[in-house]
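The values are calculated or read from the model by the stated rules, or taken from the named source; none is laboratory data. As the structure is a prediction and not an experimental result, all values here were calculated from the model. Neighbour counts are summed over all protein chains in view; Cβ atoms, including those assigned to glycine, are modelled from backbone coordinates with ideal geometry. Note: accessible area is taken over every heavy atom of the protein model, side chains too, but ligands, DNA and RNA are not part of it. Shrake-Rupley method; radii C 1.70, N 1.55, O 1.52, S 1.80 Å.
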Amino acid sequence: MKRSSKALILVLLLAVTAGAVACRPHPSNSLTLYGNVDIRQVELGFRVPGRLKSMRFEEGETVKAGAVMAELDVRSFDDQLHAAEAQVAANEANLNKVVTGSRPSEISRAKAALDEAMAGQQNARTQLERTEKLVAANAIPRANYDTALAASREADARVASANASLRLFVKGSRAEDIAGARAMLAVAQANVASAQTSIADTRLVAPSDGVVISRVREPGAIVSPNDTVYVVALTHSVWVRAYVSETHLGTLYPGMEVGVTSDAAPSRSLRGHIGFISPTAEFTPKTVQTPELRTDLVYRLRIIVDDVDAGLRQGMPVTVQIATSSGKGG
């Protein structure tokens, strides 16, 4: 009986030792994380107000980058463009006129006006001299001399005015006038460019590949620049939002390759990589006092899925497998 008891005790000791060895944790070269799919969405609208003319896509349809999704009635914008183009033509004509200066016929007319003024001046001076002699001989009243003197001075002023006009015609436009005409033309040309931009903005273009989630407006509606017309889920890029504990943070780095699987297709692993590791902890106390609390810290990861799969949907839970045996930087 004693031998049997000793044998039984030995067997129990061996069993306990084997169990303890079996329960020891083995170092793992793979890290499993759980996250959710995060797909970017964009709310599309027009940059100009107007009446919706057409909506070309329905909810659920796929759109390609550059596709025209909706259009506004363009008639009012065409009118603005025509008015701006007419203003450009008017300012171009005015600039040409200012730069060219006076025409030969205008200069000739100015010369003729000067000759006429000079003839009147000579006649007024002759009349003044005759009146002055008659007054000296007491043949006429003194008032006649005053009248002749005023007429002579008026004739001198007309000559000076005609001479100044001729000089202006000969010299041409001032530099300031030419610069002002050029500036007015530049303003008109800018108005044309603005009108053309507004016409281009009457076409709503998809910024990238995606899927229409919501068709918010319908043809005939009046929209403003702040109104959303379509909501599109972008095909690229598809992210996974996951969290890792502080104890595993040192084994991860941006660019590290990962595998992503979903419950809908668990046998298919999608290739991806770590795009971002948050520098701040989340879901933890602000002040960590003990090592036990430090192990509860988690950090957000943004994992970019390189193999785009149409089966990945917004908010879908996924499993992320990360091989950590190569170490940081490997």
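Here is the figure for the stretch 51-107: residues that are surrounded by 14 or more Cβ atoms within 10 Å (Cβ to Cβ), touching a Ser or Thr at 6+ places or on another chain (Cβ under 7 Å) and small (Gly, Ala, Ser) total 2.
State all residues of the stretch 231-254 that are among the charged types (D, E, K, R) and part of a strand (DSSP E or B); if no residue qualifies, say none. It would help to see each step written out before you state the result.
Looking only at the stretch 231-254, we keep the residues that are among the charged types (D, E, K, R), and these are 241, 246.
Result: 241, single match.
Going through 123, 144, 138 one at a time, which residue ends up being open to solvent by less than 90 Å² (accessible area, probe 1.4 Å) and out of contact with any His (no Cβ under 6 Å at 6 or more places or on another chain)? Of 123, 144, 138, the one residue that is open to solvent by less than 90 Å² (accessible area, probe 1.4 Å) and out of contact with any His (no Cβ under 6 Å at 6 or more places or on another chain) is 144. Within the stretch 205-223, how many residues turn out to be open to solvent by less than 40 Å² (accessible area, probe 1.4 Å), part of a loop (DSSP other than H, G, I, E, B) and over 30 Å from residue 321 (Cβ atoms)? The total comes to 3.
Of all the residues in the stretch 68-94, those that are of a type in the set (Gly, Ala, Ser) and in contact with an Asp or Glu (Cβ under 9 Å, 6 or more places away or on another chain) number 0.
If you check residue 157 against the conditions, is it within 27 Å of residue 108 (Cα to Cα), at pLDDT below 85 and in a helix (DSSP H, G or I)?
When the stated conditions are applied, residue 157 does not pass them.
Tell me, yes or no, whether the stretch 227-234 has at least one residue that is open to solvent by 60 Å² or more (accessible area, probe 1.4 Å) and either out of contact with any Cys (no Cβ under 8 Å at 6 or more places or on another chain) or closer than 30 Å to residue 305 by Cα (or both). No, the stretch 227-234 has no match at all. Hey, any hits in the stretch 138-150 for a residue that's under 60 Å from the mean Cα position of the chain (by Cα) and assigned to a helix (DSSP H, G or I)? No - not one qualifying residue is present in the stretch 138-150. When the criteria are applied in full, residue 201 meets the requirement of being within 30 Å of residue 82 (Cα to Cα), of a type in the set (D, E, K, R) and out of contact with any helix residue (DSSP H, G or I) (no Cβ under 6 Å at 6 or more places or on another chain).
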